[in-house]
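The block underneath contains the structure these notes are about, expressed in structure tokens.
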Amino acid sequence: MKKALIIILVLVSFNVKGQRTGSFTDSRDGKSYKTVEINGSTWMAENLAYYSSDSWALDEKVLGRYYSYKVAKEVCPTGWHLPSRREWLDVLDGSISYSSDIYVHSSVKGFPLLHFTSNKNYYARNYSSKKQFLVREGVRFNKSGLNIIPASFWDRDEHKVQPPYEGKGLGVAALFWTSTAPNGYSAYRVCLDADEYKVTISPKDFDAMGFSVRCVKDK
């Protein structure tokens, strides 16, 4: 009984915001991820970095991997799933307006769970043609405990991550697939934009780009 209690104390703790945090190890490759409980759901607090076909990486240890939608909807480990549009809205505390099939929020004060702290100048200085750079503490979207890094997206035509100073570029925006597909050719993606202090949730073609993935634990 004492041994079981010790294990629980190691894996589950509370951060400075009083949120329940923990960790999860993916049995497929042995990689471990921080987790955080928000509104009763357990989220990975890091981008998924599991290797799969139709996935790409710039620095997977820091940014995770970028996935096609076809892979994203199946890539989460057993017992976890790609979050839906509704689950992302719940994380955003429902403080999103709805217009023309696009959810938009541009008021930072209205975000109890997210805070924009990106620094695109830092990314520009540390981004090179060799695709090597560092990400330091603070260069992230974080207040929820999700620890979202503005990793941008993988341009499948150019075979690279969108660089700093270009629209939704590295250090400017974080983009994630959702499992919600309104038709046979597109799915909703979440975009957190530090330049415009805005979050949008809108449909994108399956094959357009590679986006990051966060997984949510099944209930």
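The values are calculated or read from the model by the stated rules, or taken from the named source; none is laboratory data. If you're wondering where the values come from, they're calculated on a predicted model, not measured in any experiment. For neighbour counting, all protein chains shown are included, and Cβ atoms are generated from backbone atoms with ideal geometry for every residue, glycine included.
Is it the case that residue 188 is of a type outside the set (S, T, N, Q), at pLDDT 85 or above and out of contact with any Phe, Trp or Tyr (no Cβ under 7 Å at 6 or more places or on another chain)?
On the way: of a type outside the set (S, T, N, Q): yes; at pLDDT 85 or above: yes; out of contact with any Phe, Trp or Tyr (no Cβ under 7 Å at 6 or more places or on another chain): yes.
When the stated conditions are applied, residue 188 passes them.
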Considering residues of the range 1-43 that are of a type in the set (S, T, N, Q) and in a strand (DSSP E or B) only, the residue modelled with the lowest pLDDT: 13
Index of the failed condition, residue 189 passing every other in (1) surrounded by fewer than 19 Cβ atoms within 10 Å (Cβ to Cβ); (2) closer than 21 Å to residue 159 by Cα; (3) without any contact (Cβ under 8 Å) to a residue 24 or more places away in the chain; (4) of a type outside the set (A, V, I, L, M): (1)
Residues located in the range 55-92, provided they are without any contact (Cβ under 8 Å) to a residue 40 or more places away in the chain and surrounded by 15 or more Cβ atoms within 10 Å (Cβ to Cβ): 57, 60, 71
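Just name the residue that is modelled with the highest pLDDT out of those in the range 162-177 that are more than 14 Å from residue 205 (Cβ to Cβ) and within 13 Å of the chain's Cα centre (by Cα).
176
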Top-ranked residue in the range 66-80 [being under 15 Å from the mean Cα position of the chain (by Cα) and either of a type outside the set (Gly, Ala, Ser) or not in a loop (DSSP other than H, G, I, E, B) (or both); ranked as farthest from residue 203 (Cα to Cα)]: 80
